[in-house]
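**Q** Quick one: this structure, given as structure tokens, is what I'll be asking you about.
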Amino acid sequence: MSDAAHTLERPAGAVPPAIELRGISKAFGPVQANKDIHIRVEKGTIHGIIGENGAGKSTLMSILYGFYKADSGEILINGQPTEIPDSQAAIRAGIGMVFQHFKLVQNFTVLENVILGAEAGWLLKPSVSRARGLLKQLATDFGLNVDPDALIEKLSVGHQQRVEILKALYREADILILDEPTGVLTPAEADHLFRILRGLKEQGKTIVLITHKLREIMEVTDNVSVMRRGEMVDTVRTSETSPPHLAELMVGRKVLLRVEKHPAKPGPVVLDVKGLRVVDDMGVERLRGIDLQVRAGEILGIAGVAGNGQSELLEALAGLTPGEGAATLSGQPLDVTGKSSDGYTRRMSGVSHVPEDRQRRGLIMNFHAWENVALGYHHDPAYNRGAFWMDNPAILRMTEDYMKAFDVRPPNPALTAESFSGGNQQKLVLAREIERGPELLLVGQPTRGVDIGAIEFIHQRLIELRDAGKAVLLVSVELDEILSLSDRIAVMFDGRIMGERLPEQTDEAELGLLMAGVTEKGAA
Ligand code: ADP
Ligand code: MG
């Protein structure tokens with residue numbers, strides 16, 4: 001394809017683009033992570049890069065930051081061909097990067113982290129006081145308020161991110177790359193970040209924002225480039241596109257963005273939890289008394305920033321983590337102490353569990369797909385012939401059926417779990433847990449790491465389960481997912497349920513406040 005197909009038209013003689021990549025390719029073994037990428041990022045703009053997981057976004061930016069060496073291609077910064085063999089070279093070229101996982105030293109102060117590595121003699125007093133002045137200036141110029149003397153470990157994630165941005169600005173970055181910066185933020189923190197980014201743009205900085213969230217692209221970017229399977233599909237002006245159009249470019253076909261569903265018809269209470277507490281190995285109280293009910297034919301969504309007790313809630317109810325308190329399943333006692341840790345009995349009593357971390361909890365990666373399908377159900381008479389022998393042909397047939405129903409690709413039961421993509425692994429776990437028609441499905445992050453097309457599919461299966469009169473307890477950190485699937489929403493913060501809302505009577509702003517621990521009565 002021609003260069004022009006990928007880039008916006010620009011008048012001759014205009015300011016050269018801040019970044020221009022020409023024909024960048026990069027392979028990791030058999031995986032072609034970037035294929036002949038062309039992109040131009042205009043100076044003083046916020047440029048989004050969007051694409052499904054694995055599309056090659058992080059690889060492309062890592063090449064620009066000198067982390068990886070491209071197999072071929074050319075980088076131009078402000079119109080100048082530039083070699084970027086390492087991150088020092090990137091910094092010299094005026095490029096700063098804010099990583100998905102921060103690279104801050106936890107027991108150092110903000111000031112120490114900002115200076116670290118940037119100043120040869122940073123222990124010398126004069127350079128420290130000069131740095132303090134400069135940091136203050138940057139903080140006021142760009143609305144990046146953080147206490148220079150605060151220890152990193154005492155700061156919220158949102159503030160730590162600001163320190164990363166300050167670090168880049170301190171190194172005189174003109175171009176700032178942020179890789180999925182909002183994944184760890186509450187909606188309010190994300191809004192604040194976007195205000196900062198707009199401020200930086202007004203000061204002439206160029207921002208590259210990598211995200212897979214369409215809403216963020218629409219809200220804050222000027223232009224957006226879409227990647228799919230290692231290729232650059234298109235670059236468009238944000239004002240001239242729409243979420244459905246971008247989704248189509250990302251996936252390569254039309255997708256439903258809203259889940260279509262009828263109103264729920266809730267039946268009797270299936271899961272009833274009272275005063276559930278979990279204390280972890282370190283003696284920290286992770287669940288501080290949870291009361292909740294899930295009825296037949298409804299989805300109760302649990303919203304919250306990761307790490308506020310959602311994982312412990314699912315694991316205690318699945319019998320995997322010891323808890324205290326009372327729970328019943330259709331009126332029968334449900335053990336939450338983790339003592340009767342017989343997963344088989346629990347499954348047979350009608351509780352299915354799709355764990356948040358499918359690679360650690362949901363699958364045995366070097367087992368075959370069919371073995372994974374039998375996992376947890378291997379005592380089932382349906383799978384057994386005589387007393388000791390598993391009926392492998394029966395399991396194989398079952399696995400083939402599951403693979404067909406859940407569109408697992410490739411539909412080959414003999415492949416090991418690790419040879420499927422993340423989305424297909426997830427479909428395999430979902431098939432195993434859903435196809436038996438559980439009374440209660442406990443499901444954590446059902447679409448994490450899953451492509452947009454598969455998200456739509458998984459959402460439909462969850463709605464079908466609900467419509468079949470089953471109870472679903474859904475945990476997700478994606479607010480969009482919670483809002484579109486749930487019949488009721490409970491928000492968790494710091495091991496407690498902060499409040500319950502109906503999706504049609506709330507919005508992201510209100511849920512975001514609850515997620516940050518703020519209620520009508522004030523901060524928790
Ligand atoms: P994105 O950031 O869009 O999710 P990545 O750039 O991280 O995508 O990955 C693109 C592809 O390259 C994926 O298939 C990924 O598995 C592969 N990949 C990325 N980094 C490496 C690496 N260091 N080694 C091997 N494969 C990699
Ligand atoms: Mg990435």
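Read-outs throughout are calculated quantities, based only on the coordinates presented, and are distinct from any laboratory measurement. Every value quoted in this text rests on a predicted model; they were computed, and no experiment measured them. Cβ atoms come from the backbone with ideal geometry, glycine included; neighbour counts cover every protein chain shown.
**Q** How much length, in nm to one decimal, is gained on full extension between residue 218 and residue 240, taken as 0.36 nm per residue of separation minus their Cα-Cα distance?
**A** That pair, residue 218 and residue 240, stretches by 6.9 nm at full extension.
**Q** Quote the FRET efficiency, to the nearest 0.05, computed for residue 248 versus residue 86 with a Förster distance R0 of 45 Å and r equal to the Cβ-Cβ distance.
**A** My answer for the efficiency is 0.75.
**Q** Something else now. Hey, got the dipole for the stretch 107-172? About the Cα centre, +1 on K and R Cβ, -1 on D and E Cβ, debye to the nearest 20?
**A** 120 debye
**Q** Can you give me the relative contact order of the stretch 107-172 as a percent, contacts being Cα pairs under 8 Å and 6 or more apart?
**A** 47 percent
**Q** For a test of the definition: using alpha carbon positions, the gyration tensor, and the 1.5 limit on a/c, classify the stretch 261-340 as rounded, prolate or oblate.
**A** It comes out oblate by the Cα gyration axes.
**Q** So, one more: Label residue 494 and residue 281 with points 7 Å out from Cα along Cα→Cβ: what is the distance between them in nm?
**A** Label-label distance for residue 494 and residue 281, simple model: 2.6 nm.
**Q** Run the numbers for residue 306 and residue 31: contour at 0.36 nm per residue of separation, minus the present Cα-Cα distance, in nm.
**A** Gain on extension, residue 306 to residue 31, equals 95.9 nm.
**Q** I would also like to ask the following. If I fit a long axis through the Cα atoms of helix 392-405 and take the longest principal axis of the Cα atoms of the chain, what angle between them do I get, 0 to 90°, rounded to 10?
**A** 50 degrees
**Q** Below 8 Å between Cα atoms, with a sequence gap of 6+, how large is the relative contact order for the chain in percent?
**A** After rounding, I find 14 percent.
**Q** Which listed residue (161, 114, 127) has the Cα farthest towards the positive end of the charge dipole for the stretch 107-172, taking +1 on Lys and Arg C-beta and -1 on Asp and Glu C-beta about the Cα centre?
**A** Checking the options against the dipole of the stretch 107-172, the answer is 127.
**Q** Let me ask you something else. Can you tell me the relative contact order of the stretch 130-218? Whole percent, Cα pairs under 8 Å, sequence separation 6 or more.
**A** Averaging sequence separation for qualifying contacts and normalising by length gives 31 percent for the stretch 130-218.
**Q** Additional query: Sorted by mean Cβ packing within 10 Å, highest first, what order do the peptides 101-111, 189-199 take?
**A** Top of the packing list down: 189-199, 101-111.
**Q** Sort 156-162, 44-50 by the packing proxy (mean of other Cβ within 10 Å over each peptide's residues), most packed first.
**A** Descending mean neighbour count gives 44-50, 156-162.
**Q** Further, regarding this structure: Whole Å is fine, so just give me how far the alpha carbon centre of the stretch 141-199 lies from that of the stretch 461-524.
**A** Value for the Cα centre distance between the two parts: 27 Å.
**Q** Angle between the Cα long axis of helix 187-202 and the longest principal axis of the chain, 0 to 90 degrees, nearest 10?
**A** Long axis of 187-202 versus the principal axis of the chain: about 20 degrees.
**Q** 222 nm [θ] for the chain, helices only, -39500 (n - 2.57) per DSSP H run of 4+, per residue, to 500?
**A** Helix-only estimate at 222 nm: -9000 deg cm²/dmol.
**Q** Based on the mean of other beta carbon atoms within 10 Å per residue, what is the order of 207-220, 52-65, 262-275, most packed first?
**A** Going from most to least packed, we get 52-65, 207-220, 262-275.
**Q** May I pose another question? Which residue, 16, 454, 351, has the largest displacement toward the positive end of the dipole of the chain when charges sit on each Cβ (Lys, Arg +1; Asp, Glu -1)?
**A** 16
**Q** Cα axis of helix 422-434 to longest principal axis of the chain: angle in degrees, 0 to 90, nearest 10?
**A** 20 degrees
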